[in-house]
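The values are calculated or read from the model by the stated rules, or taken from the named source; none is laboratory data. Model, not experiment: these values are computed from the prediction. Please note: Cβ atoms are built from the backbone with ideal geometry, for glycine as well, and neighbour counts cover all protein chains shown. Each accessible area value is taken on the protein alone, full model and side chains, heavy atoms only, with ligands, DNA and RNA left out. Shrake-Rupley method; radii C 1.70, N 1.55, O 1.52, S 1.80 Å.
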Amino acid sequence: MKDVIIIGKGPAGISAALYAVRGGASVSVVAKDGGALTKADLIQNYYGFENGINAKQLIQNGITQAENLGVKFFENEVVGIEFAQHGYLVKTLTDTKQADVVIIACGTSRNIPPIENIDRFEGKGVSYCAICDGFFYRGKRVAVIGNGGYALSEYHVLKNIIQDVTIYTNGLKAEFDEIKADERKIKAFEGEDIIKNIVFENGSSIPVDGVFIACGSAGAFELSKKVGLAISQNKIVTDEKRATNIPGIFAAGDCVSGLQQIAKAVCDGMIAGTEALKYLKNR
């Protein structure tokens, strides 16, 4: 039986899970929470509920439906996707799962801190993927920006190849105590052709050769960077089959172009789930 891992348990992720598991795949859903829909209250524009439905109840209904069909759920934060000999490895804060197919359905958040010149130095010392770019900074001094589990995960990736790595929480309290982080608020990045300094709001500064952004949790944008998925206007680029430019990786829901509506997300999930099955059968 082939393994399908879905990242995200909103309407797109659950819809994909329903179609994939009914087609005979072994399906696991990994998510930290229910995504943007959990912030809504009463849903009144979704088919079949004459008096509307509570958003959290709609999510739970979908999860229960999928569980009844054999879908496995894991509450964890996904921090990376890596290529494997056969398929992919989906890395969480606590473990690594093997997948033949990955469906990304974890929304659109791009966690970029409001630091002066951050856009200017993207690709010139500012990176969003430790496993992709860490190799280029061997023997140099780098910073990780973030205060949670994702930042700590990127720190450990870098620490395997770089000796001088520091986490800067950008004024927030660190959510970990495994290592000591610098909690000063960052004002700007400085440099000429490439980044040279981090400048803090108190006027002090430190020299750096590279900065890795790892704020909040890894969303679709951050995960896409790790495997080279095409991105356009902060959305994953897919074809009509919800296939990305990397074979075996599909995307659905708010992380792809189109209306951010439940009905569209469910349709995306249906397409991604069925096309993932076709992909597996043709391997």
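Below are the figures for this structure:
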| read-out | value |
| --- | --- |
| Counting all C-alpha pairs of the range 1-94, share separated by more than 19 Å (%) | 45 percent |
| Euclidean distance of C-alpha centroids, the range 108-164 and the range 256-283, integer Å | 31 Å |
| Relative contact order of the range 47-182, pairs being alpha-carbon contacts under 8 Å that are 6 or more residues apart, as % | 14 percent |
| Alpha carbon convex hull of the range 77-119, volume per residue in cubic angstrom | 107 Å³ |
| Global form of the range 25-69, assessed from the alpha-carbon gyration tensor, a/c cut-off 1.5 | oblate |
| Solvent-accessible area, 1.4 Å probe, carbon plus sulfur percent, for the range 167-283 | 49 percent |
| Only Lys, Arg (+1) and Asp, Glu (-1) charged, at Cβ; the range 198-260 dipole about Cα centre in debye | 220 debye |
| Whole-percent pair-distance distribution, where bins are 5 Å wide, for the alpha carbons of the range 196-283 | 3, 12, 19, 17, 14, 10, 7, 6, 6, 4, 2, 0 |
| Nearest-ten-degree value, helix 262-281 long axis tilted from longest Cα axis of the chain | 90 degrees |
| For the range 174-239 versus the range 58-76, the gap between their alpha-carbon centres in whole angstrom | 33 Å |
| Nearby aspartates and glutamates by direct alpha-carbon distance to Lys140 (threshold 19 angstrom, same-chain neighbours under 8 apart not counted) | Glu122, Glu154, Asp164, Asp182, Glu190, Glu192, Asp193, Asp209 |
| Gain on full stretching of the segment that runs from Leu172 to Gln60 - 0.36 nm per residue minus C-alpha separation | 37.1 nm |
| Top positive-direction residue, dipole computed over the chain with Cβ charges, set Tyr168, Gly23, Tyr137 | Gly23 |
| Size-normalised alpha-carbon gyration radius of the range 17-163, reference 2.2 N^0.38 Å | 1.31 |
| Distance-filtered residues of the range 51-80 - backbone nitrogen under 18 Å, label point 7 angstrom along Asp41 Cα→Cβ | 51-59 |
| Flagged links, alpha-carbon separation over 28 Å, of Lys2/Lys241; Lys32/Lys159; Lys72/Lys180; Lys225/Lys278; Lys32/Lys264; Lys56/Lys281 | Lys72/Lys180; Lys56/Lys281 |
| Dipole magnitude of the range 98-212 about its Cα centre (Cβ charges: Lys, Arg +1; Asp, Glu -1), debye to nearest 20 | 160 debye |
| Distance cut-off 15 Å, percentage of C-alpha pairs in the range 223-262 lying past it | 32 percent |
| Share of carbon and sulfur in the accessible heavy-atom surface of the range 3-50 [1.4 Å probe, %] | 47 percent |
| Two-site label geometry, Gln260 and Leu89: point separation in nm, points 7 Å out along Cα→Cβ | 3.3 nm |
| Along principal axes, Cα extents of the chain, largest first, whole Å | 58, 45, 34 |
| For the chain, with +1 on Lys and Arg beta carbons and -1 on Asp and Glu, the positive-most of Ala214, Asn45, Gly248 along the dipole | Gly248 |
| Value in Å of the Kirkwood radius, where the range 51-97 supplies the Cα pairs that are averaged | 13.0 Å |
| Within the range 1-21, backbone nitrogen closer than 17 Å to the virtual label 7 Å beyond the Cα of Asn68 toward Cβ | 14-21 |
| Mean accessible surface per residue for the chain, computed with a 1.4 Å probe while every protein chain stays in place, in Å² | 49 Å² |
| Spread of Cα-to-Cα distances over 5 Å intervals beginning at zero, given as percent, for the range 88-154 | 3, 11, 19, 23, 22, 13, 7, 2, 0 |
| Relative contact order, percent, the chain [alpha-carbon distance under 8 Å, six or more residues apart] | 23 percent |
| Charge tally in the Cβ shell below 15 Å around Tyr279, where Lys, Arg are +1 and Asp, Glu are -1, Tyr279 excluded | +1 |
| Magnitude of the charge dipole, the range 1-141, Cβ model with Lys/Arg +1 and Asp/Glu -1, debye to 20 | 360 debye |
| Relative contact order, percent, the range 1-86 [alpha-carbon distance under 8 Å, six or more residues apart] | 33 percent |
| Normalised alpha carbon radius of gyration of the range 103-242 [divisor 2.2 N^0.38 Å] | 1.04 |
| On Cα atoms only, tilt of 55-68 relative to the major axis of the chain in degrees | 70 degrees |
| Accessible carbon and sulfur surface of the range 62-139 relative to its total accessible area, %, 1.4 Å | 47 percent |
